[in-house]
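None of the figures in this text is laboratory data; all of them are computed from the coordinates on show. Remember, it's a predicted structure, so these values are computed and weren't measured experimentally. Every residue, glycine as well, gets a Cβ built from its backbone with ideal geometry; the counts of neighbours run over all protein chains shown.
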Amino acid sequence: MRLFFALSCVFLCSFSLLAAETSVKPTVSYHLSFANAAHHEAVIQARFDDVRSANLLLNMSSASPGRYALHAFAKNIYDLKATDSAGNVLPLRRVSPSQWSVGQHDGTVIVTYRLYGDRADGTYNQIDRSHAHLNMPATLLFAHDYEFLPSSLRFDLPDPHWKIATQLQLQSDGSYIAPDLQYLMDSPVELSAFSSRSWKVSDHQSEATIHLVMHHEGTEQQLDVFTEKAKAVVAEQQKIFGEYPKFDYGQYVFIADYLPYVSGDGMEHRNSTILTDERSLSEANYEQIETLSHEFFHAWNVERLRPADLVPFDFKRANMSRNLWFAEGVTNYYGKLILSRTGHFDLATYLEKTVAALNRVQLSPGRLFFAATGMSEQAPFVDAAVSVDPTNYANSYISYYTYGEVLGLALDLTLRTEFAGLSLDLLMRKLWQDFGKTGRFYTEQDLQQALAVLTANPEFAKNFFSRYVDGQQLPDFNTLFAAMGLKLAPAQPKQAFLTAVSLFEQDKQLKVGSNTLLGTPLYQAGVDKGDLLLKLGRYKLSSKAQWDKAMSYYKVGDTAELSFSSRGKNYRTQVTFTADPSWALTENEDATTEQLAKRALWLKAQD
């Protein structure tokens, strides 16, 4: 998103932060009330003063900062009415699915509408008796005529126990200010009777306050434990970049909704993060802190260290980027790595997560069709985007989160193995100094050039990008892991294998629930999603348990007859069992002292 941001602060009613006054009187103001929260409705009044055009064009966003696909937010607003400053009804005409035109005004246009929302995550809204969870692009009508002007918001709280959490700037009259449209749309709001914790962080350049706001059904003691984990993550990430970002007004807020009726998600913003999970703090174990780790890393990587092809953020269309493998994928790598360094992941857990990502990339046929940059360009189709027609993503797509995580791992281990004293940490710090801290936006060529300068080896940088980023190869992970005293080997070399596919029982029949993978025996047999598996050799198949029993009978290299039904017709074919291609990553008991030292520098916290 475009970074024309003025200073902003976080105000939480339970904290004693001073309100600040903006020097420019807003000409756009919003008033939000929630009298019908039980039915997931808000009533919103948007006032536009000093209207210069004969017809004011109002817009509802079709995109949301932090997301890369389109969303039809306009579908959830209705009962639109427009008046002028004297209360006279104005003609309101819908000119496109997400645009309305208002004319015959007196220089002021006041629009009132209802908003429906019942999905709490990083993209949508949820309004109910317990809270109002608001993402601004899904909430507010706006006019591009006011794009670079401040706007104000006022909230009518339906419950005296509710408080307000946001990165917007509080004014002495109780309203909140955004300096421009980009910042307004990047500022989620949580209204509820949340609990909160705060702590100070500092570096050589500044001091900031981190707030953790949590709307949940857990105990205060659970929140205390989670806060300590969050503190460790925040401090450890600062070590990578050498400093914290300069948070506007010295404030950063985590806004968490951990409730059984929300949808799991995480979404970064310039000075805040949305965290949602349907599980309680006690149920999720490590997943919630892993999401927090990922999203806070974005305070550097994406929010400030930003790809040029994501700038400016367009509210009408999806920004396509070739660099999401780095922006999201490398962030995914560090989200997990940080939890190893803080001690939240033991070695076995970290290795299990690492090899799971590696298996997803090395086993996916998607690398036949797209490199990491090409997978990044698929984001407008996959990032919470909804379509009715089926896709073949099992064979054609690898998440840029996962692909980039594996490339980040590869680059980190390569630097640590081939270049004395270097690491991905140092590359991230260099990129922060050259781009993130200065406000410059980077290109793919900039990433390659930074790697060339760091290593003093342009040929290495060129080869890494051409082979693994723009190309579809994978590096020699066996050698890379061996240098860290780890062993990469087949997980189940004697296990007979037909394909990695989901199976489920339906009316005492065994149904294939996902696309079979290109090149696997089941794919070559012509079996695909929706087919019914009837018999494997002498084993009848009507349950997953029977399938597992049949598979255990066969060995690698065996051949058997498979009977299946596809769209009403029965087929029989021969299948030959191959070995399970999955890898396992374990400690090497014969690791040298040098290898153990390298592993410690990689996975353990450094002073």
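Taking the beta-carbon count within 10 Å as an exposure proxy, list 30, 397 from fewest neighbours to most. Numbers along the way, then the final one.
Details: 30 24, 397 20.
Fewest-to-most ranking of 30, 397: 397, 30.
Roughly how tilted is helix 593-603, in degrees to the nearest 10 and between 0 and 90, from the longest Cα axis of the chain?
It works out to around 30 degrees.
Charges on Cβ only, +1 for Lys and Arg, -1 for Asp and Glu, centred on the Cα centroid of the chain; of 273, 26, 115, which one is farthest towards the dipole's positive end?
Final value for the positive-end residue is 115.
If you rank 598, 604 by fewest surrounding Cβ atoms within 10 Å, what's the result? Walk me through the numbers before you get to the answer.
Details: 598 18, 604 12.
Listed from fewest to most nearby Cβ atoms, that is 604, 598.
Round to the nearest 10 and give me the degree value, 0 to 90, for the angle of helix 347-363's Cα axis relative to the longest principal axis of the chain.
80
With r defined as the distance between the Cβ atoms of residue 417 and residue 287 and R0 fixed at 35 Å, what FRET efficiency is calculated, to the nearest 0.05?
Details: r = 31 Å, r/R0 = 0.88.
Calculated transfer efficiency: 0.70.
So what's the back-of-envelope 222 nm ellipticity for the chain, counting only DSSP H runs of four-plus at -39500 (n - 2.57) apiece and dividing by all residues, rounded to 500?
Details: 17 runs with 160 residues, N = 607.
Dividing the helical sum by the residues of the chain leaves -7500 deg cm²/dmol.
Among 181, 510, what is the fewest-to-most ranking by other Cβ atoms within 10 Å? Show your work: numbers first, answer last.
Numbers: 181 26, 510 23.
Listing 181, 510 from fewest to most nearby Cβ atoms yields 510, 181.
Restrict the search to the stretch 534-607; then list the GluC sites (Glu not before Pro) that DSSP places in a loop and that have at most 11 other Cβ atoms within 10 Å of their Cβ. Numbers along the way, then the final one.
Numbers: sites: 561, 587, 589, 594; in loops: 589.
Loop-located and lightly packed - 589.
For residue 381 and residue 503 in the same chain, what is the full-extension length gain: residue separation times 0.36 nm, less their Cα-Cα distance, in nm?
Numbers: separation 122, 0.36 × 122 = 43.92 nm, distance 2.58 nm.
Between residue 381 and residue 503, full extension yields an extra 41.3 nm.
I'd like the orientation of helix 444-455 relative to the chain: the angle between its Cα long axis and the longest Cα principal axis, in ° from 0 to 90, rounded to 10.
Taking the Cα atoms of the chain, the angle to 444-455 is about 70 degrees.
Can you work out the Karplus-derived ³J(HN,Hα) for every residue in the stretch 242-257? Use 6.51 cos²θ - 1.76 cosθ + 1.60 with θ = phi - 60°, whole Hz, and x for glycine or proline.
Computed from phi, the couplings for the stretch 242-257 are x, 6, 8, x, 7, 5, 4, 6, x, 10, 9, 10, 8, 10, 10, 10 Hz.
For the stretch 28-191, what class follows from the C-alpha gyration tensor (a ≥ b ≥ c being the square roots of its eigenvalues): rounded when a/c is under 1.5, otherwise prolate if a/b is larger than b/c, else oblate? Please list the in-between numbers first.
On the way: a/c = 1.45, a/b = 1.36, b/c = 1.06.
Since a/c stays below 1.5, the shape of the stretch 28-191 is classed as rounded.
For the stretch 77-197, what is the relative contact order in percent, using Cα pairs closer than 8 Å and at least 6 residues apart in sequence?
On the way: 197 pairs, mean separation 25.1, N = 121.
Relative CO of the stretch 77-197 lands at 21 percent.
I want to check the label-to-label distance for residue 443 and residue 280. Put each point 7 Å from Cα in the C-beta direction and report it in nm to one decimal.
5.4
What ranking, highest mean first, results for peptides 56-62, 567-573 when packing means the other Cβ atoms within 10 Å averaged over each residue?
On the way: 56-62: 20.9, 567-573: 9.9.
So the peptides 56-62, 567-573, ranked by packing, come out 56-62, 567-573.
Which residues in the stretch 515-558 place their backbone N less than 14 Å from a point set 7 Å from the Cα of residue 574 along the Cα-to-Cβ direction?
525, 537, 557-558
Under 19 Å from the 7 Å Cα→Cβ point of residue 205, by amide nitrogen: which residues of the stretch 443-461?
Backbone N within reach: none found.
Taking Cα pairs under 8 Å and at least six residues apart, what relative contact order does the chain come out at, in percent? Spell out each step's value before the answer.
Values: 1286 pairs, mean separation 67.8, N = 607.
So the answer I get is 11 percent.
Grab the beta carbon distance between residue 39 and residue 556, set R0 = 56 Å, and tell me the FRET efficiency rounded to 0.05. List each step's numbers first, then the result.
Details: r = 59 Å, r/R0 = 1.05.
Efficiency computed from Cβ-Cβ geometry: 0.45.
Find the relative contact order for the stretch 396-518 and round it to a whole percent, using C-alpha pairs within less than 8 Å whose residues are 6+ positions apart. Show your work: numbers first, answer last.
Values: 80 pairs, mean separation 18.6, N = 123.
For the stretch 396-518, the relative contact order is 15 percent.
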